[in-house]
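The values are calculated or read from the model by the stated rules, or taken from the named source; none is laboratory data. What you are looking at is a predicted structure, and each value in this text was computed from that prediction instead of being measured. For accessibility, only protein heavy atoms count, side chains too; no ligands or nucleic acids. Shrake-Rupley method; radii C 1.70, N 1.55, O 1.52, S 1.80 Å.
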Amino acid sequence: MGTSTSTEQRIVEGARRAIELHGWQGATLTRIAEEAGLSPMTLYRRGLGREEILVLLVDDYERDFRESLSPAVAGRGTGLRRLRRALLSVCEVTERHLPFLRGLDEETDQRFFHERAAEVRSR
């Protein structure tokens, strides 16, 4: 299972680089695979198209966001101190993901950051 997680993380990192370099529209599966150091066939065998890779990116961002924000929100201290830590955490997460976030187009950005029906992606 460790190999699966490692390969998935390589795909996420490769997708980030491809989006950073070529934008969402230019981040083809071939480019994503190349940036991940994998063959396009690996993505195909795993059933990963662009939409599935976008879900992996959203999940990775959301996990990082929650892990970064949680200690600030649930930690000790005054409300003001926790608020400052929370805002700093939001800025730090955004900075970590900014190069790839800039490459999203408007439609993808909307799907990435805004919930649809019962699905919550970025809270």
**OP:** Enter the accessible area per residue of segment 1-104 (Å², integer; probe 1.4 Å; all protein chains in place).
**Re:** 60
Subject >> Alpha-carbon spread of segment 16-91, three principal axes, descending order, Å >> reply: 52, 23, 19
Original post:
With contacts defined as alpha carbon pairs under 8 Å and 6 or more residues apart, what's the relative contact order of the chain in percent?
Top reply: 27
